[in-house]
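Data first, discussion second: the structure below is written as C-alpha coordinates.
The values are calculated or read from the model by the stated rules, or taken from the named source; none is laboratory data. Predicted, not measured: the structure shown is a model, and the values here were computed from it. FYI the Cβ positions are ideal-geometry reconstructions off the backbone, even for glycines, and counts take in every protein chain you see. Only protein heavy atoms, including side chains, enter the accessible area calculation; ligands, DNA and RNA are left aside. Shrake-Rupley method; radii C 1.70, N 1.55, O 1.52, S 1.80 Å.
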Amino acid sequence: MSRDSAILSSSIEATYFDGRSARRRPVTVSLQGESLYLEERDVGQPPVTWLLADLRRIPAPGDTGAILGHEVHRDARLIFAQADWVHALRQAN
(Lines give C-alpha, C1' and ligand atoms only; values in the text may rest on other atoms or scores of the structure.)
Protein backbone atom coordinates (compact mmCIF):
# COMPACT_ATOMS: atom_id res chain seq x y z
CA MET A 1 0.00 0.00 0.00
CA SER A 2 1.42 3.41 -0.95
CA ARG A 3 1.74 6.20 1.60
CA ASP A 4 -1.12 8.15 -0.09
CA SER A 5 -3.37 5.07 -0.04
CA ALA A 6 -2.63 4.55 3.63
CA ILE A 7 -3.51 8.17 4.42
CA LEU A 8 -6.77 7.99 2.44
CA SER A 9 -7.83 4.71 4.04
CA SER A 10 -8.39 6.55 7.32
CA SER A 11 -10.89 9.27 8.08
CA ILE A 12 -9.88 12.80 9.07
CA GLU A 13 -11.40 15.57 11.13
CA ALA A 14 -12.30 18.81 9.34
CA THR A 15 -14.54 21.85 9.63
CA TYR A 16 -17.49 22.16 7.25
CA PHE A 17 -19.30 25.36 6.31
CA ASP A 18 -22.46 24.63 4.30
CA GLY A 19 -22.48 28.06 2.59
CA ARG A 20 -25.91 28.94 3.94
CA SER A 21 -24.91 29.88 7.49
CA ALA A 22 -21.72 30.94 9.25
CA ARG A 23 -21.97 27.97 11.61
CA ARG A 24 -18.81 25.87 11.92
CA ARG A 25 -19.66 22.20 11.70
CA PRO A 26 -17.07 19.70 12.95
CA VAL A 27 -17.12 16.70 10.60
CA THR A 28 -15.34 13.42 10.03
CA VAL A 29 -14.38 13.05 6.36
CA SER A 30 -13.74 9.75 4.62
CA LEU A 31 -13.21 8.67 1.04
CA GLN A 32 -15.91 6.30 -0.17
CA GLY A 33 -15.55 5.31 -3.80
CA GLU A 34 -15.73 8.45 -5.93
CA SER A 35 -17.07 10.66 -3.12
CA LEU A 36 -16.11 12.38 0.08
CA TYR A 37 -18.44 11.42 2.91
CA LEU A 38 -18.86 14.16 5.53
CA GLU A 39 -20.38 13.04 8.80
CA GLU A 40 -21.28 15.76 11.28
CA ARG A 41 -20.55 15.07 14.89
CA ASP A 42 -23.97 16.50 15.87
CA VAL A 43 -26.34 13.61 16.43
CA GLY A 44 -29.25 13.49 14.02
CA GLN A 45 -27.65 15.38 11.14
CA PRO A 46 -27.67 13.51 7.82
CA PRO A 47 -24.27 12.94 6.19
CA VAL A 48 -23.19 15.07 3.26
CA THR A 49 -21.64 13.52 0.15
CA TRP A 50 -19.42 15.44 -2.27
CA LEU A 51 -18.44 13.83 -5.57
CA LEU A 52 -14.70 14.01 -6.20
CA ALA A 53 -15.39 15.43 -9.66
CA ASP A 54 -17.10 18.45 -8.04
CA LEU A 55 -14.22 19.37 -5.70
CA ARG A 56 -12.10 22.45 -6.16
CA ARG A 57 -9.03 23.49 -4.21
CA ILE A 58 -9.19 26.94 -2.64
CA PRO A 59 -5.93 28.65 -1.69
CA ALA A 60 -5.47 28.54 2.08
CA PRO A 61 -4.15 31.70 3.72
CA GLY A 62 -0.72 31.24 5.26
CA ASP A 63 0.01 27.86 6.76
CA THR A 64 -3.56 26.88 7.64
CA GLY A 65 -3.78 23.45 6.02
CA ALA A 66 -6.09 22.97 3.05
CA ILE A 67 -9.48 24.19 1.91
CA LEU A 68 -11.80 22.43 -0.52
CA GLY A 69 -14.82 23.95 -2.19
CA HIS A 70 -17.64 22.44 -4.22
CA GLU A 71 -18.57 23.30 -7.81
CA VAL A 72 -22.33 23.00 -7.23
CA HIS A 73 -22.50 24.44 -3.70
CA ARG A 74 -20.20 27.37 -4.47
CA ASP A 75 -20.20 28.92 -0.98
CA ALA A 76 -19.60 25.66 0.90
CA ARG A 77 -16.13 25.04 2.36
CA LEU A 78 -14.34 22.09 3.90
CA ILE A 79 -11.31 23.15 5.95
CA PHE A 80 -8.56 20.73 6.97
CA ALA A 81 -6.04 21.64 9.67
CA GLN A 82 -3.42 19.48 7.92
CA ALA A 83 -2.93 19.38 4.17
CA ASP A 84 -1.52 15.80 3.95
CA TRP A 85 -4.92 14.14 3.45
CA VAL A 86 -5.96 16.58 0.70
CA HIS A 87 -2.56 16.24 -0.97
CA ALA A 88 -2.95 12.44 -0.99
CA LEU A 89 -6.44 12.82 -2.45
CA ARG A 90 -5.12 14.99 -5.29
CA GLN A 91 -2.29 12.53 -6.02
CA ALA A 92 -4.70 9.57 -6.13
CA ASN A 93 -7.12 11.22 -8.58
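Against the list (1) open to solvent by 30 Å² or more (accessible area, probe 1.4 Å); (2) at pLDDT below 85; (3) of a type in the set (A, V, I, L, M), the condition Leu8 fails is (1).
Glu34 meets all of the listed conditions (1) open to solvent by less than 90 Å² (accessible area, probe 1.4 Å); (2) over 11 Å from the mean Cα position of the chain (by Cα) but one, namely (1). Of all residues in the stretch 63-93, those being outside any helix (DSSP H, G or I) and open to solvent by 80 Å² or more (accessible area, probe 1.4 Å) number 9. Between a first residue in the stretch 67-83 that is in contact (Cβ under 8 Å) with a residue 60 or more places away in the chain and a second residue that is acidic (Asp, Glu), which pairs have beta carbons less than 6 Å apart while being 6 or more apart in sequence or on different chains? Listed pairs, sorted by first residue: Ala76/Asp18. Residues that are more than 11 Å from Val48 (Cα to Cα) and in contact (Cβ under 8 Å) with a residue 24 or more places away in the chain within the stretch 14-34 comprise Ala14, Thr15, Phe17, Gly19, Arg20, Leu31, listed in sequence order.
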